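Worksheet: the structure to be examined is printed underneath.
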Amino acid sequence: MKQITCIILAAMLLLCGGFGYEHLLAGRSTDINRNGELSDIAESVTAIPLKPINGRSLTEAHDIQKEGNDLFLISQGVLYRFNRQGELICQITDPEEIQVAGYLVHSLKRQLIVLGNVNDIYYYTFDGELLFKKKLRKDFNEEQLMSAVLHRGKIYTAERVMATDTLRRPCIKQQVQVYDTYFRPLESHPIVETALSHPVLSPNTQSVCLRVSPGGRIYAYSAPCESEHLLRDSLYLHQQGEMMGVNEDDVPLLPVSLGSRYWLAVNQHAEEADRRYVFCWDCYDNQAWELNDGFTDDFFQTGSVAALEPMDLYGHTYSFTKRGETLRHAFPEAADSTVVFIVRMKA
């Protein structure tokens with residue numbers, strides 16, 4: 001009898017929870033904008049035309065990070081250091097020695113921790129002096145490492161690892177491995193999908209990045225292949241609060257990247273153009289945008305901005321780059337160069 005009572009009580013709680021969530025959605029009716037300008041979400045945009053290197057302009061730039069007056073970026077597998085005026089200070093890496101896959105900026109030591117090749121790690125000064133290099137692990141390969149960030153003096157990586165399921169069958173699981181700054185392992189935590197109000201539509205398991213929530217918690221972010229439920233997910237996660245429905249020792253996997261005000265999901269790698277999107281939800285004003293081509297740049301009139309890349313772990317600043325015809329109006333002297341744009345989000 002007691003067991004039946006518990007089952008009935010659990011069912012009532014689930015029913016009430018579902019009703020409460022539907023009531024939340026009804027009470028927070030949100031229109032999704034199908035057009036948007038960059039000034040809708042950005043406080044300011046700073047343009048940095050990159051000066052040519054030995055007479056040659058960079059054709060692309062990504063993984064852009066700033067530290068004081070320094071601007072670090074990767075172009076064609078090489079790590080460079082520019083200043084905020086777009087002048088080259090030095091080339092950090094040699095492409096004949098390492099093809100850069102990613103890097104971490106250790107601001108206190110003024111060092112760069114560079115990952116590349118298969119499992120190589122190189123340590124450089126900001127001036128490009130190689131301090132030392134090492135292997136990550138003998139059993140490690142580039143397919144296992146999805147993301148690496150430096151946070152509060154520790155390195156956090158999102159990795160795929162071989163494991164066994166409940167039936168002892170081999171499977172691949174995702175986890176966050178914590179290292180010290182010399183990549184000595186400290187601890188690990190499983191990456192757990194957050195319980196949402198629906199099955200995840202076409203989850204993108206090939207692109208997992210690590211971020212830090214406004215409350216300081218490490219979480220994993222992967223934009224889904226489909227954007228249909230992103231607004232609903234955002235409202236639900238906002239209701240869940242900082243714990244996000246998972247245990248404290250687990251790392252939640254979220255479909256949106258959390259900022260203090262704006263939550264974003266960007267998927268611009270789908271083969272079909274109509275499945276590419278930029279999603280953004282303003283949790284202060286309860287506005288949402290879902291844009292196939294991204295926000296329109298109304299600061300420098302360079303067209304649409306779809307490939308917003310985060311420049312920090314907290315969603316405060318983003319970057320995008322432009323080159324060619326889109327620059328001829330605002331930067332006629334730099335039309336053949338790559339221009340880096342730094343977007344500071346509204347508080």
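The values are calculated or read from the model by the stated rules, or taken from the named source; none is laboratory data. As the structure is a prediction and not an experimental result, all values here were calculated from the model. Every residue, glycine as well, gets a Cβ built from its backbone with ideal geometry; the counts of neighbours run over all protein chains shown. Calculation scope for accessible area: heavy atoms of the full protein, side chains included, ligands and nucleic acids excluded. Shrake-Rupley method; radii C 1.70, N 1.55, O 1.52, S 1.80 Å.
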### Any chance T30 is open to solvent by less than 30 Å² (accessible area, probe 1.4 Å), more than 20 Å from D127 (Cβ to Cβ), modelled with pLDDT under 95 and not aromatic (F, W, Y)
yes
When the stretch 93-113 is checked residue by residue, the ones that are hydrophobic (A, V, I, L, M, F, W, C), more than 19 Å from the chain's Cα centre (by Cα) and open to solvent by 10 Å² or more (accessible area, probe 1.4 Å) are L108
Residue set D70, D63; condition at positive phi and touching a residue at least 40 places away in the same chain (Cβ under 8 Å); output residue D63
Among (1) buried (at least 18 other Cβ atoms within 10 Å of the Cβ); (2) within 20 Å of S207 (Cα to Cα); (3) among the charged types (D, E, K, R), D297 falls short only on (2)
Output for Cβ contacts, cut-off 9 Å, separation at least six or different chains, first residue assigned to a loop (DSSP other than H, G, I, E, B) and open to solvent by less than 10 Å² (accessible area, probe 1.4 Å) in the stretch 320-347, second of a type in the set (D, E, K, R) and at pLDDT below 95, reads A335/R323; A335/E325; A335/R328
Restricted to the stretch 140-184 and to residues being small (G, A, S) and more than 17 Å from D120 (Cα to Cα), the residue least open to solvent (accessible area, probe 1.4 Å) is A163
Within the bounds of the stretch 137-146, is there any residue that is closer than 22 Å to D70 by Cα, in a strand (DSSP E or B) and either in contact (Cβ under 8 Å) with a residue 60 or more places away in the chain or not basic (K, R) (or both)?
no
Quick count over the stretch 278-296, residues being under 19 Å from the mean Cα position of the chain (by Cα) and outside any strand (DSSP E or B), is 4
Matching residues in the stretch 63-85 (under 21 Å from F299 (Cα atoms) and surrounded by fewer than 18 Cβ atoms within 10 Å (Cβ to Cβ)) number 2
